[in-house]
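Heads up, the thing below is written out as structure tokens.
The values are calculated or read from the model by the stated rules, or taken from the named source; none is laboratory data. Keep in mind that what you see is a predicted model, and the values were worked out from it rather than measured. When we count neighbours, we look across all protein chains shown, and the Cβ atoms used for this are built from the backbone with ideal geometry, even at glycine.
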Amino acid sequence: MGTAVRRLARALGIALAALIAALIVGESALRVFDPETSYSPPTIRIGSEVRPLGDIVQVLTEAQGALGPRGANLECRVCYDRPRRDDFDAQGCVPVRTNSLGLRDAEILPEKPAGELRVLALGDSFTFGLGVPGDAAWPEVLERLLAGERGGTPRVVNGGFAGGGFRPSGYLPWLESTGLTLEPDAIVLGFCLNDIHPRVPMAILSPPVVRPWLGGVSTLLNRVQRALHVRTHERELARLGPEVARRAMQRFLVEDGEWAKTQAALSEMERLLGERGIPFLVAVFPMFSRLARDYPYATLHEAVTSYCAQEQIPCLDLGPTFVALAERGVEDADFWVHPTDQHPASPAHGRIAAEILQALKPLLAQRP
């Protein structure tokens, strides 16, 4: 009996030692290789100066103010912690350069070349191409697609953050003062859903863990706790049902009069461009969050497309395109620049440009 007990104790000891060793190896491996280890926030690097990514509009505005009313030839880099896409350099950064108008584009000649088809793309960070190289942002991809369709050398001007604006009411003054002087043959407005209200979230993610086990010292335990936390959050969302999310989004349509301001700006743009015979297209971007799980932003898409239909503004809703991709198995994060940044990555910009091309072609065919 004593021998059997000793053998059992020895076997248990060996099993416990193996378990501890496995936990140590697992913990070490996760600390070195785990892609979900907490990331540092993305930054903007201007020379030796480091700014948070959220300062991008302020950085552009400051540069323009410093170098006069024609803007700034700003050079900086947008940098991420351990990015996994091919768009980034060895330091995890993508370059950002602006021309003398403060636009993320090459210089624009004072006089438009004869025969050039010129499209002006207006919008916020989704149009600017935050987190992707300039040639991967949808305006430049659209330019290449137009060249392939029509031949010649069409020009699509990236007017993301034009004049320091990040909503239609901000682009409108720049369009009147500067944009129209560029002699565009068509204008595409990239509409982000937070153009309805600035508090519309870019993503609906599980909230952070408030009290990590063992104070958060173990990466392995953090992963387990986080997985359980996300599972609980998802179950709660499922219990509440999509109607709760729909009502939450509807709130943004009436709060603070923000949506009314955006509607007024869209209508004024349509009037301004209609008087000049310039085709106008509104392209509504999705938020790349919960696309295949009762997409909660559908109410906002419906509000924009309905208003455009009412005002007879041509409108392309890109939401169904990306929802369909998600329903076929593409994960939300596959569309993201980085786990810390839900802006569209290069493949999403390519899809956006292809859809805009198809919506734009009949408008260009109708122009005087």
- Query: Going by the conditions given, is L291 surrounded by 19 or more Cβ atoms within 10 Å (Cβ to Cβ) and modelled with pLDDT of 95 or more?
  - Reply: no
- Picking from P208, P173, the residue that is surrounded by fewer than 19 Cβ atoms within 10 Å (Cβ to Cβ) and at pLDDT 65 or above would be P173
- Query: Quick one: would you say E116 is part of a loop (DSSP other than H, G, I, E, B) and either touching a strand residue (DSSP E or B) at 6+ places or on another chain (Cβ under 7 Å) or buried (at least 23 other Cβ atoms within 10 Å of the Cβ) (or both)?
  - Reply: yes
- The one condition A260 fails out of (1) at pLDDT 95 or above; (2) buried (at least 16 other Cβ atoms within 10 Å of the Cβ); (3) not charged (D, E, K, R) is (2)
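So that you can scan it fast, the table gives a plain yes or no per residue for (1) surrounded by fewer than 23 Cβ atoms within 10 Å (Cβ to Cβ); (2) touching a residue at least 60 places away in the same chain (Cβ under 8 Å); (3) within 25 Å of C93 (Cβ to Cβ); (4) not assigned by TED's automatic domain parsing to the domain that holds G179:
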position	(1), (2), (3), (4)
E111	yes, no, no, no
A121	no, yes, yes, no
G134	yes, no, yes, no
L145	yes, yes, no, no
G151	yes, no, no, no
G159	no, no, yes, no
- With the first residue restricted to region 277-288 and required to be more than 20 Å from P362 (Cα to Cα), and the second required to be outside any loop (DSSP other than H, G, I, E, B) and charged (D, E, K, R), Cβ contacts under 8 Å at 6 or more apart or on different chains are F288/D332
- strands (runs of 3 or more DSSP E) wholly inside region 300-368 that include at least 1 residues being at pLDDT 95 or above and farther than 22 Å from Y39 by Cβ: 315-317
- Message: Looking at region 312-358 only, could you name the residues that are farther than 20 Å from G190 by Cβ and of a type in the set (D, E, K, R)?
- Response: E327, R328, E331, D334
- Are there any pairs with C-beta distances below 8 angstrom linking a residue in region 172-186 that is more than 17 Å from P113 (Cβ to Cβ) to a residue that is among the β-branched types (V, I, T), with the two at least 6 apart or on different chains, and if so which? L175/I187; G179/I187
